[in-house]
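Each remark here refers to the structure printed beneath this line.
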Amino acid sequence: MTTTPEDTTPPAHLVLTVEDLAVHVPTEHGLLRAVDGVSFEVRAGRTLGIVGESGSGKSLTAKSLLRLHPAAFRESGRVLLHGADGSGADGTDALDIMELRRDGPMIRAVRGRRIALIFQEPMTAFSPLHTIGDQIMEAILLHRTADRAEARDICLEWMLRVGIGDAQRRIDQYPHEFSGGMRQRAMIAMALSCEPEVLIADEPTTALDVTIQAQVLELMQELQAETGMAIVFITHDLAVVAGTCDEVAVMYLGRIVEQAPVRELFANPQHPYTRGLLRSIPRFGMGRDERLQAIEGTVPQAIDLPAMCSFRDRCGARIEGVCETAEPRLLELTDRHQVRCFLHDPDAPVPDQPVGSTESTASDPAHAPVVPEESPA
Amino acid sequence: MLTYILRRTLMMIPVVLVISVIVFWIIQLPPGDYVSSHVMELQKEGEQLSAAEQDALRERYGLDQPWYAQYLAWIWGILTRGDLGYSFAYSQPVLAVVERYMATTLIVAVASMVFTYVVAIPIGVYSAVKQYSVGDYVFTTVGFLGMATPNFLLAIILMYLSYIWFGNPMLGLQSPEYAAQGWSPARVLDMLRHLVIPVVVIGTASTCELIRVMRGQMLDEMTKQHVLTARAKGVKESTNLRKYSLRAALNPIVSTIGWSLTAIFTGSTITAIVLNLPTQGPVMLDALMAQDMYLAGAWLGFMAILTVIGTLISDILLAWLDPRIRDERRARA
């Protein structure tokens, strides 16, 4: 969560590469394409934000990274976990998580140890019948040491590190004796106690009130600076993204529609959906009578969708005769800014210049978008 | 916790006393008393009792007094002398009658309960883990059949099968030749063989019900967020199932153990009559029909105490299992 200008620093080594990840869920109404062709990279010490509305597939993406879906879900694509020192960054000796058996020892060795997960609801994420210490130590005993006394020491150390005072007493307490913020701290201690390379935080602060939210985010940033882990931060809260992430991927209906460094995305959003999201945040100093601009409609069900832009029906900038003809490609505007929209596609079916801002494509013909697969890693 | 148990135990005393009053009042509600039903019996056999003789009997047994006076005398006897009263029908103290049937009643009831839990919990867990598998459907079908079949019918079927296959319908709890003997390994074995049919008959309905409850509980627990958390930590599925899901799913079952004991006690009367079991069910039925009020009152009072104690045991077990309840209790104690 380095907030220094991220564009100039040399890229840290790759930790996790997700390629063309898809999660299809068979339902009684048909096949739900909950996640459909998502690709992103995560680098050590950096934070990738995945933003989207409910139903955009962001949480399912997170669970896929640890093979946590039931066997009925159809998953495809690759999730490459590179070596801790970056040696596998060229993809040669990387571990493809999607190849691992769902209940096998291989994936269990990754879960909690190399990739850890923090869930949205600290209230329900702990078993009410076991002590906090028992549940934190469970991960430590599985991955780090078989010695209970040592595991307890590690647990106490992490509880103090995440700011749980009086850890000696707290370790033997039950979840119902912890407040929401304290539980989320305990959750973070549990996730970090095995020093994972990647931390996936699935809406870790959504259930917390704002002051606690700020504390937890700050804590995560401090721990990231100390341990150098990569964070995948899943949220619907753009304000949180602005404060914590280096890179942002905006998801809509199972696809990434725009991806850019955080400043670029906020300063220069290119996809109509991203712009809509940004406009829907209340701003300080807004006029009293000024209305928030909500995005019309709701996310449709990703079942039996025709091959057209899935945002088309809700889009204020749609081009009639173009957007319904095909699925837009993911285009590369700059080498780090990608967008999936016909507004920026020079090869879009109808060459009409659309109304509205198409700065990058219209004003600069030399800057031809390329398909991202050919981009340098 | 100790203060809690003590407090609950003290609270049981007034509850049981109130129940005993209600029980006694209800027993004497039907018109007539033991003497009049006894007279009816005698009349069937062609004997007559004069009105004077009847009154003498009533006076001897204290039946000429109002019911509350009878109750006070009875409860005073229990509290001061441990005397449960006199059974008219058996011409014995109630205590002696109760003692005779208590052991066999307890053996059948406890064996049925153990059978229920031992069979139902593993099957329920299996059905949940392998939801919608062939096995799940088989157990579901058998379960509903078991729930729907009347106990006495099942008892008759099993007796018939036992007679066809082993040449012995296994009536009662022991073979006649052992009745007069002392306890020996052979007699115990004989009793265990005789227990099979009653236990299966009495236990089947509750077993089938418990399978459904257990299956539902497990399905509910297995999808809880904290189970996913554990899985994301790298916990094995089998550990996850045992440590988190099963543990939590057992809570509501434990909390009803107390009542199921009394349910098995009282629910098995018809089965006991059909199978000729020397348990309290038929004795109780006879006592109520003959208005043998002290015997009936003692049994019903005993059931009440059992229910109250059972509830207390369930509550203690639940507090022991669930830290949230434990703390709530501690806060109130």
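Points to keep in mind about this one:
- Elements of type helices (runs of 4 or more DSSP H) contained in the stretch A:99-180, each with 3 or more residues being closer than 26 Å to B:A319 by Cβ and open to solvent by less than 40 Å² (accessible area, probe 1.4 Å): A:132-143
- Residue tally, condition assigned to a loop (DSSP other than H, G, I, E, B) and open to solvent by 30 Å² or more (accessible area, probe 1.4 Å), over the stretch A:56-73: 4
- Helices (runs of 4 or more DSSP H) within the stretch B:217-272 that include 2 or more residues crowded, with 21+ Cβ neighbours inside 10 Å and within 10 Å of another protein chain (Cβ to nearest Cβ): B:225-233
- Scanning the stretch B:300-333 for residues that are over 22 Å from A:S127 (Cβ atoms) and within 11 Å of chain A (Cβ to nearest Cβ) yields a total of 0.
- Within the stretch A:255-265, being assigned to a helix (DSSP H, G or I) and acidic (D, E) holds for one residue alone: A:E264.
- Of all the listed residues (B:D322, B:D292), the sole one being among the acidic types (D, E) and either surrounded by 22 or more Cβ atoms within 10 Å (Cβ to Cβ) or at pLDDT below 80 (or both) is B:D292.
- Considering only residues in the stretch A:189-214 that are touching a helix residue (DSSP H, G or I) at 6+ places or on another chain (Cβ under 7 Å) and more than 14 Å from every other protein chain (Cβ to nearest Cβ), the one that is modelled with the lowest pLDDT turns out to be A:L208.
- Of the listed requirements (1) within 13 Å of chain B (Cβ to nearest Cβ); (2) under 19 Å from the mean Cα position of the chain (by Cα), A:Q221 misses just one: (1).
- In the stretch A:296-313, the residues that are touching a residue at least 40 places away in the same chain (Cβ under 8 Å) and either crowded, with 19+ Cβ neighbours inside 10 Å or not in a loop (DSSP other than H, G, I, E, B) (or both): A:A302, A:I303, A:S310, A:F311
- Residues of the stretch A:91-130 that are farther than 14 Å from A:L66 by Cβ and within 8 Å of another protein chain (Cβ to nearest Cβ): A:E121, A:T124, A:A125, A:F126, A:S127, A:P128, A:L129, A:H130.
- Unmet requirement for A:R283, which otherwise passes all of (1) open to solvent by 70 Å² or more (accessible area, probe 1.4 Å); (2) modelled with pLDDT of 75 or more; (3) of a type in the set (K, R): (2)
- Checked against the criteria, B:V188 counts as open to solvent by 40 Å² or more (accessible area, probe 1.4 Å), away from every other protein chain (no Cβ under 14 Å), without any contact (Cβ under 8 Å) to a residue 12 or more places away in the chain and part of a helix (DSSP H, G or I).
- Number of the exception - A:I50 against (1) β-branched (V, I, T); (2) within 13 Å of chain B (Cβ to nearest Cβ); (3) touching a residue at least 40 places away in the same chain (Cβ under 8 Å): (2)
The values are calculated or read from the model by the stated rules, or taken from the named source; none is laboratory data. Every value quoted in this text rests on a predicted model; they were computed, and no experiment measured them. Glycine also receives a Cβ, built like all others from the backbone with ideal geometry; neighbour counts cover every protein chain displayed. In case anyone asks, the SASA skips ligands and DNA or RNA and just uses the protein heavy atoms, side chains included. Shrake-Rupley method; radii C 1.70, N 1.55, O 1.52, S 1.80 Å.
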